[in-house]
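A quick write-up on the structure given underneath.
The values are calculated or read from the model by the stated rules, or taken from the named source; none is laboratory data. Note that the structure is a prediction, hence the values are computed from the model and not measured. Cβ placement follows ideal geometry from the backbone for every residue including glycine, while neighbour counts extend to all protein chains displayed. SASA here: full protein model, heavy atoms, side chains in, ligands and nucleic acids out. Shrake-Rupley method; radii C 1.70, N 1.55, O 1.52, S 1.80 Å.
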Amino acid sequence: MIREVTGIRKIRMLYLQLLYRCNFTCLHCFHGKRLQYADAFTADEAACLLTLMRDEYGTEEVTLLGGEPFVYRDLPQVVHHAKEALGQRVEICTNGYRIERRLKEIAPHLDLLRVSLEGVGSTNDGIRRHGSYQSALNALSLARDLGVPTGATMTVTSRNIGEVLPLAGIMARLGVQQLKLHHLRPVGNAADHPELLVTGPAAYGRLREELAAANLPLEVIVDEDLSEHGAPQLCAPTGGPREIDRIEADPRGALTMSCKAVGKDSHAFWYEKSAGRIVHQPSASDELTLAVPDVVYARA
Ligand code: SF4
């Protein structure tokens, strides 16, 4: 149905939010009140969507997230199906909190474990949860010892913008291969914490200069909205046959193509779990009607 409406023939990666539930309530979480929702994919529904995306859109990769994917009971089944039955590249994005036992179980099928951190020590714990910094470092160390490649993500805020480089150094020493930096969008919990927003884009300019000069021994990927003059505009996904990089499914089945539309109920398409098909549900506020541009990522 996406192809019929937009002409898109290939979608390289599926971001699959397995559930809303999480063991954290981070100050900046875009899910906000939805962290309390019970919606979730069953393992069968997740497997069906993964298979549909591969068969109809040539999808090659899945990133499993939530909520917190490690509190999802059937995580091993979903990982196993994606890797063994479909041959997908499998990434998990987690808060890394006390995941050791389950990580050992799924490590052989995992291509990348990405852990979210919001700074060093108490800076991270103040935004995420007490004890979460050390737990995340433990998870990254275990993944390294198990031979699972690792990455990290950080949402840049007024509280942690001064800790990007120190965190990058710590990640590099743990063998983390990539640090991905996100721009804070005022949705969900972040809408209730305007003090986290970086006021004055000059701070982003300084951060980019520091990153460029640091010669860090890991790859740093930056949301281009983290720049003094904002990101270059990309066209929204309408018209002509072509390929897009990603689509994200929320735990209800709502599908979103632009990162900037995630968490805003701007979806034009749904995955109907019971029927195992994608349907078009246009509205005046969907991402196609509004031509919401995608996030642009670049190497720092
Ligand atoms: S940001 Fe991630 S870890 Fe934090 S509450 Fe949201 S889903 Fe959970």
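Overview of values
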{"quantity": "Scan of segment 96-146 for residues that are free of Cβ contacts under 8 Å to residues at least 12 places away in the same chain and part of a helix (DSSP H, G or I), ordered by number", "calculated": "Arg101, Pro108, Ser122, Asp125, Gln134, Asp145"}
{"quantity": "Qualifying position, being at pLDDT 95 or above and either of a type in the set (Gly, Ala, Ser) or surrounded by 15 or more Cβ atoms within 10 Å (Cβ to Cβ) (or both), among Ala152, Ala191", "calculated": "Ala152"}
{"quantity": "Residue among Arg9, Arg3 that alone is part of a strand (DSSP E or B), within 24 Å of Asp245 (Cβ to Cβ) and touching a Pro at 6+ places or on another chain (Cβ under 9 Å)", "calculated": "Arg9"}
{"quantity": "Residue match in segment 40-56 (condition: within 19 Å of Ser132 (Cα to Cα) and either within 9 Å of the ligand (Cβ to nearest atom) or open to solvent by 40 Å² or more (accessible area, probe 1.4 Å) (or both))", "calculated": "no"}
{"quantity": "Residues of segment 111-132 classified as surrounded by fewer than 22 Cβ atoms within 10 Å (Cβ to Cβ) and either more than 18 Å from the chain's Cα centre (by Cα) or farther than 22 Å from Arg299 by Cβ (or both), total", "calculated": "9"}
{"quantity": "Every residue from segment 86-99 that is open to solvent by 10 Å² or more (accessible area, probe 1.4 Å) and within 12 Å of the ligand (Cβ to nearest atom)", "calculated": "Cys93, Tyr97"}
{"quantity": "Residue within segment 34-56 that is without any contact (Cβ under 8 Å) to a residue 12 or more places away in the chain and under 18 Å from Arg12 (Cβ atoms) present", "calculated": "yes"}
{"quantity": "Output for segment 104-134, where each listed residue is aliphatic (A, V, I, L, M) and more than 16 Å from the ligand (Cβ to nearest atom)", "calculated": "Ile106, Ala107, Leu110, Leu112, Val120"}
{"quantity": "Lys83 vs. criteria away from the ligand (no atom under 16 Å from the Cβ), in contact with a helix residue (DSSP H, G or I) (Cβ under 6 Å, 6 or more places away or on another chain) and either assigned to a helix (DSSP H, G or I) or closer than 22 Å to Leu14 by Cβ (or both)", "calculated": "yes"}
